[in-house]
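The values are calculated or read from the model by the stated rules, or taken from the named source; none is laboratory data. Just so it is clear, the model here is predicted, and its values are computed rather than measured. Because the Cβ atoms are built from the backbone with ideal geometry, glycine has one as well, and the counts that use them run over all protein chains shown. These accessible areas exclude ligands, DNA and RNA; they are computed on the full protein's heavy atoms, side chains included. Shrake-Rupley method; radii C 1.70, N 1.55, O 1.52, S 1.80 Å.
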Amino acid sequence: MSKLKKWFIKVAFPVIINLLKVYGEDIVRGLVKTFYTHMSEKEKNRAHEHFNQAKENMDKAYTAETEKERDEYKFQAEFYKQQAEQNINELQRLAKEFADLEEKTVDLVKDKTSRMDVEDLFKLDKSKKGISLKNDTKLIDVDLKDK
């Protein structure tokens with residue numbers, strides 16, 4: 001084996017693997033953040049809408065002319081308040097779920113990357129002195145099933 005190949009395997013390839021781990025982690029965290037932001041914005045908007053509806057109904061209850069109307073508006077206000085509280089609870093559940101998903105996925109990417117061998121990514125042709133990147137390699141086989 002040439003000195004270049006020995007150096008590449010011993011020095012350069014571990015650096016490449018570490019870079020892949022760092023960039024893989026950044027990509028995962030960025031994607032999860034994007035998805036969470038999208039989902040949480042929808043839930044925040046629902047909560048805000050429900051709180052506004054609760055306030056409107058409570059305002060109507062204060063100005064209602066009959067006790068029956070007042071009770072109906074208070075009932076609706078309570079309903080929308082509970083809906084808003086459920087939205088807030090859903091936000092908390094989403095935050096935990098996305099944090100867990102992020103950590104599991106980052107760990108998976110790091111694990112799979114750590115187990116990569118130089119020949120998984122590069123052709124080390126014995127008849128040639130060079131090193132080339134493989135074109136048709138499936139780099140990381142990710143099983144998305146719950147474990």
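Points worth noting:
- Set Phe13, Phe8, Phe51: member being in contact with a helix residue (DSSP H, G or I) (Cβ under 7 Å, 6 or more places away or on another chain), of a type in the set (Phe, Trp, Tyr) and under 30 Å from Lys126 (Cβ atoms): Phe13
- Search result, residues across the stretch 55-99 that are of a type in the set (D, E, K, R) and either closer than 28 Å to Thr34 by Cα or touching a strand residue (DSSP E or B) at 6+ places or on another chain (Cβ under 8 Å) (or both): Glu85, Glu90, Arg93, Lys96, Glu97
- Within the stretch 84-107, the set of residues being under 30 Å from Asn57 (Cα atoms) and open to solvent by 50 Å² or more (accessible area, probe 1.4 Å) comprises Glu85, Gln86, Ile88, Asn89, Glu90, Gln92, Arg93.
- Whichever residue in the stretch 108-147 is within 15 Å of Leu31 (Cβ to Cβ) and modelled with pLDDT of 85 or more and, among such residues, is least open to solvent (accessible area, probe 1.4 Å): Val109
- Of the set (1) closer than 30 Å to Ile16 by Cα; (2) modelled with pLDDT of 95 or more; (3) among the basic types (Lys, Arg), all apply to Lys74 but (1).
- For Glu65: the one exception among (1) in a helix (DSSP H, G or I); (2) open to solvent by 60 Å² or more (accessible area, probe 1.4 Å): (1)
- Figure legend. Inter-residue proximity from the stretch 5-18: first residues without any contact (Cβ under 8 Å) to a residue 60 or more places away in the chain, second residues of a type outside the set (D, E, K, R) and in a helix (DSSP H, G or I), beta-carbon distance below 9 Å, spacing 6+ or different chains. Indicated pairs: Asn18/Thr113.
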